[in-house]
Structures are given as C-alpha cells and as structure tokens.
1. If I take every Cα pair under 8 Å that is 6 or more residues apart in region 371-429, average their sequence separation and divide by the length, what percent do I get for the relative contact order?
2. Using alpha-carbon pairs under 8 Å, 6+ residues apart, how would you state the relative contact order of region 307-440 in percent?
3. Once fully extended, how much extra length lies between residue 353 and residue 304, figured as 0.36 nm per residue of separation less the alpha-carbon to alpha-carbon distance?
4. FRET efficiency for residue 245 and residue 158, Cβ-Cβ distance as r, R0 = 30 Å, nearest 0.05?
5. Provide the per-residue ³J(HN,Hα) series for region 212-223, in order, calculated from phi with Karplus coefficients 6.51, -1.76, 1.60 and θ = phi - 60°, each as a whole number of Hz, with x at glycine and proline positions.
6. Students often check this: by mean Cβ neighbours within 10 Å, which of 176-184, 411-419, 149-157 ranks highest, and how do the rest follow?
7. State the extension gain, in nm to one decimal, for the chain segment bounded by residue 423 and residue 319, taking 0.36 nm per residue of separation less the distance between their alpha-carbons.
8. Cross-link list 368/391; 43/163; 151/310; 368/423: which exceed 28 angstrom alpha carbon to alpha carbon?
Amino acid sequence: MSAAPAYNEDKGGSAGPGEPEYGHDPASGGIFSSDYKRHDDLKAMLDTNKDSLKLEAMKRIVAMIARGKNASDLFPAVVKNVACKNIEVKKLVYVYLVRYAEEQQDLALLSISTFQRGLKDPNQLIRASALRVLSSIRVPIIVPIMMLAIKEAASDMSPYVRKTAAHAIPKLYSLDSDQKDQLIEVIEKLLADKTTLVAGSVVMAFEEVCPERIDLIHKNYRKLCNLLIDVEEWGQVVIISMLTRYARTQFLSPTQNESLLEENSEKAFYGSEEDEAKGPGSEEAASTALPARKPYVMDPDHRLLLRNTKPLLQSRSAAVVMAVAQLYFHLAPKAEVGVIAKALVRLLRSHSEVQYVVLQNVATMSIKRRGMFEPYLKSFYIRSTDPTQIKILKLEVLTNLANETNIPTVLREFQTYIRSMDKDFVAATIQAIGRCATNIGRVRDTCLNGLVQLLSNRDELVVAESVVVIKKLLQMQPAQHGEIIKHLAKLTDNIQVFGWEKGKDETM
C-alpha cells in the first residue's frame, strides 16, 4: 500500500512550469501508462552508446507516432542517431524523420550531409529513406541537392529506390516548378523501366508534372499494357486512367465509327479531319472501313489495351474495377462493352460507400448505354435497409432502364416504394414515376391515374409531390386529359397540404 503514495508523489512532484504532463489518460496502457518523465528516459536512451537501448527507444517513439501522439520534441535527440551504424536503429530513425522533417526544417538541414551519405548506403532501404527525408524538407535552398539525389536514385540498381525517386519528383516540382525540364528527363528515363514496382509511381509523376507530354508514352505504351496485370492495385488505377486518356486521343473511337457507318453525311468529314491526327494503324482502319462500309477494324494497340485490362474486372479492388469500367465505356466497341455490367453489379454487394460511387457511375452510363444493364434490372431493386442516398441512386438507374418491355415491372416496384416510411425516398419515387410517364408515352395515362389516387393519401409530402408531378404531365397534353382535370377540380377543397396551397391552386 505504501507504493501508491510514492508513485503519486513521483508523478506530480517535479513537473516544471509549462512542462506538459503525460500518462494521465486512463485508457493508455503498456509503455504509455507512465508519467511525463518517459520522454526524458527516451532522450537518455538515445544518448547512450548501447544500440539495444537506442533500438528500444526508437521502437517506443515510432509506436507513439502510430498512436497519434506528438513526438516532435524528440527531434534533436533522434536526428543525432541518423549516423548510427546499427541498421535497425537507422531504419526507425528515418521513419521518424520522414514524419517530422517538414515541421523541423531547420534542425533537419543541420543533418543534410548525413542524409546525402545515406544515399550511398549499401542498404536499399536506407538509400530510399534518405531520399524520402530529403524530399520532405520543403526548403528552396536544397533544390539542387534534391535534384541531384533524384537523378542518382533514378539510376539505382534497386527498383525500390527508383520507385522512391518517382515519388520524390512531384514533391520537387511543387517546391520549384522551374525544374520541370530536368524532371521530365528523369520521368522519361523511369518510364523506360521494365519493373512493375516502378511503373505506377512514374506514371503518377508523369500525370502530376507533364500530362501534356503524351509523346513520352508512345514508345512505352505496349510495355505498360503488358506490365499492367502485375502492378500493385494503386498503380493499376493510375496507369489505367492515364492509358484511357491516351487511347481516347490516339485511337479511332469504335462508337463514333459505328455512327459513321450509318450516316453518309458524316463519313467524309470524319475521315478528312481525323486521319491526320490519329496514330499508326488508325488511318488504315478509317480508309478501309468508311468508303466500303466494311466492319470496323480496330488498331492492334487498341485491342492490346482492351485485352490486357479485361481480366482486371475480376480484381478485388473496387477502384481497379471502376477504372477498367471507365476504360471500356469510352474505348470498347458496342458489342464488347457489356462485360463491365456484371463486374459493376458485383460491386453492389460491397460497403455502402462503394455502392454509392458505383451507382453514380452506373446512373451516368445507363443514360447512354442502357442496354448493357437491362439484364441486371433486379439487381437495382431497393432494399429497406439501404441508406436514403443509395435508394435515390437506384431509383435513378431504374428510371433510366425503364422501357416499353419492362415498364410494368418497374411501376409495380415503384408502387411498393411509395408505402415506405422514408419520406425523402417516397418523394423521389413519385418524381421517378413522373419521369417514366414522360419518357414512355403508353403508360402516361396509367401513371396519371395512379398519381391522382395518391392525392387522397394522408401524408402531406406524398400529396405535394403528386400535385407537382401531375402538373408537369398535364402541361404536356392538356387537351387529352380533360376528365382528369375535372376530377382534380372536385378534389381541390379536400387537398390540405401546409405550404403547398399556392402551388396547388396554380396547378388547378
């Protein structure tokens, strides 16, 4: 029992004025449960000659950073150990410095010669970490040193170091845009790299620094297509997005060509305008396809891109699947674009955040290419557990997919949705019924009759939305709906909607 008072006395006895106190968080435990002297202990451990103590101190410091604790006051004690011969200590020191080098720039500059020596270290992790720390020091005076370091790292034997060099390029460009020409030379060199580890990082650097220099991609296009399947998921997204932009500017569009085959008036214009601008193979395809009305002949490089990205529709990463879907939507012939529908529907089983992004894209795609999602109509039926924003997006998709064949099924679905307790969703459903009635003439009367019945609903919001939609539908063909207008006139006195009386009177 005597230990407790001693602990409390030690805990609060020697705190200097303005000195922060640590360890008062009852939720903290383990190595973080003691008092504010822990930082003094860490500094003492870092000042010893024993590598084991230094390693233990660095482990604790990195753990503090991982838990969101502020360890910036330890910077002077840590940076002194950047020259430590123990490789494990040195790795952790660089992890710390990457985190705080930008905040403690003056102190970091004092050790810049040590970082430069680290660039020559036999260990690839140390070389990469030294470059990462250098690029984190946001001081214009060291721009020449950073440029030299990036150029050397771009020629390094280790692909990991070359990858780090690619990551450092956008940082240097944001610090000094005047270095753009030299950085483009480094990017050009790294684009020729044949390792999958570097590909994604250098393409990101290309997109950040010189996206207009599309000529840099020409000689590396096939290599990037072939490497794509083995690149990490983050790199796949970056490369696919870049190749989509590249292909849309360099190849003949399959969808435009299909419309040209149908309209003679556009053939000559398109052929004369585009033949000069397209890449190799496209001119020949245009000359053979247009005059003789032969089937579209795709450029072999265009086909290579589609063939190598198609397997990625099975990726576990939703971002990769979305990137491939975007590519196919813009670049695939009409007969092939349907393969993305199944992959996108699969993503609807993911978390609500993923569903939201996918549905936004499906809603846009279904406007232009409705046919590819029609077989999956039931996948867009709304569940009671769906969040409101998901419900409204699914409604939009169902409205886009509605046609003469499936409209009875869609309207039956909408009929059940109107009984939902989610009022915003009910209002959106009534608006969706109005859009279906506008787009499909043969169900307009059916929809009008159903909306008129909703005017007897006890819910004010349902009545209000119904009035607004009925007004829009009646304005389209007022002469053909005299009976409905008379019926509405009889209901005028019975419709009581707070805040909507003016709109109701205008409608009547």
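Rule-based calculations on the coordinates, nothing more; no lab input. Keep in mind that this is a model prediction, so the values were computed, not measured. Heads up, the Cβs are rebuilt from the backbone with ideal geometry, glycines too, and the neighbour counts pull from every protein chain shown.
1. Rounded, it is 34 percent for region 371-429.
2. Relative contact order of region 307-440: 17 percent.
3. Contour length minus the Cα-Cα distance gives 14.4 nm.
4. Efficiency at R0 = 30 Å is approximately 0.50.
5. After applying 6.51 cos²θ - 1.76 cosθ + 1.60, I find 7, 7, 5, 5, 5, 8, 3, 6, 10, 4, 5, 4 Hz.
6. Going from most to least packed, we get 149-157, 411-419, 176-184.
7. Full extension of this stretch gives 34.2 nm more.
8. Pairs exceeding 28 Å: 43/163; 151/310; 368/423.
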